[in-house]
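What follows is a single structure, written as structure tokens, with notes after it.
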Amino acid sequence: MCIWLNVYLLHSQDIIRLPRLFRFLQRPIAQLISVFRAPKSREGYAAIGGGSPLRKITDEQADALKRALEEKNVSANIYIGMRYWYPFTEEAVQQIKRDKITRLVVLPLYPQYSISTTGSSIRVIQNICKEDAYLSTMPVSIIQSWYQREGYVKSMADLIQKELESFSNPEEVVIFFSAHGVPVSYIVDAGDPYKDQMEECIYLIMQELKSRGVNNQHQLAYQSRVGPVEWLRPYTDDVLVELGQKGVKSLLAVPVSFVSEHIETLEEIDMEYRELALESGVENWGRVPALGCTSSFITDLADAVIEALPSATAMSSPTTSSKALDLDPVSYAIKMFFGSILAFLLLLSPKWVTAFKNHLL
């Protein structure tokens, strides 16, 4: 048996959702957005030491999960697959095949489900498995979300309660949950459950805190919006300014959708949002660390894996015909060439230029 930890790095082509007729423009536009964002991204990584600790922490989580499973008498290999960085999902698949694994549990490292994170990763995994004779017959179980699990909720409450104690007047602190945002169109048009799951997640955490006598005010907002589209509101930066103007003096930031430290916690929250909060009138700032390898959290993930094992089933029989035309190199090159030109022209329009200045730079 093996466990596949799937990590998603948000990519602009998963943000720009185009009608099917113009779907060939998606990748060129995504690439152009990446070019526009590159300078800001370089500055961000430079501010946190030149690189992200995400891969290192994920490796540590994988090792901790393996040990937790062994303590429960479950032997498993752990593989890490990322969508847009090393080790890529495809590399993990090939290693799984080489190791002749016979059962697979896919564990996305996102507590809440979204079509842009867990959904995107699952689609890739399903496509790979369906097209491979070996993988298509392998029993696979996919853990869609786990924000409602008692171990996760209590682990988050533990971290929040501990950080509250560092304030001189803990009862006056506003608990500020900052979650990664998604485009509104995902929720309205595609039925993405992310917003509902996030709100339920916050409710469960606050209920756990209240059971411990912690009755602080709290607020949920969404960060990390990208591109000229409407994202889930309220926005983290807007809410921080509003709280400061309303006289909030003590604030504890909680990166509720992140289980590892990376640029969105270390630079966006710890630097950008902290500075904005202090400029807006907040005097005492704190931040809850990401769960990382917290023992209660890892133990709960191990339990989730064990519970998922009985539901493992084969994806389907391998398919080959329908994908052949989509992967034709000549057709792909033509689409990319003209798509890049059209995407560039679109981005030169005043509306798009304004949007990029407001949302990307």
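The values are calculated or read from the model by the stated rules, or taken from the named source; none is laboratory data. Here the structure is a predicted model, which means the values were calculated and not measured. Quick reminder, even Gly has a Cβ in these numbers, built from the backbone with ideal geometry, and neighbours come from all protein chains shown.
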* Asked: With respect to Ser136, is the statement that it is small (Gly, Ala, Ser), in contact (Cβ under 8 Å) with a residue 40 or more places away in the chain, more than 21 Å from Glu268 (Cβ to Cβ) and not assigned by TED's automatic domain parsing to the domain that holds Ile202 true?
  -> yes
* **Inter-residue pairs, beta-carbon under 7 Å, first more than 13 Å from Asp303 (Cα to Cα) and in the range 51-78, second crowded, with 20+ Cβ neighbours inside 10 Å and of a type in the set (Asp, Glu), 6+ apart** => Pro53/Glu261; Ile57/Glu261
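Residues of the range 102-118 being in contact with a strand residue (DSSP E or B) (Cβ under 9 Å, 6 or more places away or on another chain), in a loop (DSSP other than H, G, I, E, B) and among the hydrophobic types (A, V, I, L, M, F, W, C), which ones?
Correct list: Leu109 only.
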* the range 262-320, residues that are closer than 17 Å to Ala62 by Cβ and at pLDDT below 95 -> His262
* To do: Specify the residue that is farthest from Thr294 (Cα to Cα); the eligible residues are those in the range 147-172 that are under 25 Å from the mean Cα position of the chain (by Cα) and among the hydroxyl-bearing types (Ser, Thr, Tyr).
  => Tyr147
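Determine whether Ser250 is on the phi < 0 side of the Ramachandran plot, surrounded by fewer than 18 Cβ atoms within 10 Å (Cβ to Cβ) and modelled with pLDDT of 95 or more.
No; evaluated as a whole, the condition is false for this residue.
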* **Which numbered condition Lys154 fails, given (1) assigned by TED's automatic domain parsing to the domain that holds Ser75; (2) at negative phi** => (1)
* Structure fact -> Flagged in the range 134-169 as small (Gly, Ala, Ser) and under 16 Å from Gln207 (Cα atoms), in numbering order, are Gly151, Ser155, Ala157
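When the residues of the range 119-139 are narrowed to those that are under 22 Å from the mean Cα position of the chain (by Cα) and not hydroxyl-bearing (Ser, Thr, Tyr), which ends up farthest from Leu104 (Cα to Cα)?
Only one residue tops the list, namely Gly119.
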* Do we have any residue at all in the range 92-101 that's assigned to a strand (DSSP E or B), crowded, with 20+ Cβ neighbours inside 10 Å, of a type in the set (A, V, I, L, M) and touching a residue at least 12 places away in the same chain (Cβ under 8 Å)? -> no
* Structure fact -> Here the residues within the range 185-207 that are closer than 18 Å to Thr118 by Cβ, hydrophobic (A, V, I, L, M, F, W, C) and part of a helix (DSSP H, G or I) are Ile187, Met198, Cys201
* Asked: In the range 229-247, is there at least one residue being at pLDDT 95 or above, farther than 29 Å from Glu279 by Cβ, in the same structural domain as Ala157 (by TED's automatic domain parsing) and part of a helix (DSSP H, G or I)?
  -> no
* To do: Out of the residues in the range 198-228 that are of a type in the set (Val, Ile, Thr) and at pLDDT 95 or above, state the one that is farthest from the chain's Cα centre (by Cα).
  => Val214
* To do: Filter the range 266-294 for residues that are polar (S, T, N, Q) and either under 23 Å from Lys249 (Cβ atoms) or surrounded by fewer than 17 Cβ atoms within 10 Å (Cβ to Cβ) (or both) and give the result.
  => Ser280, Asn284
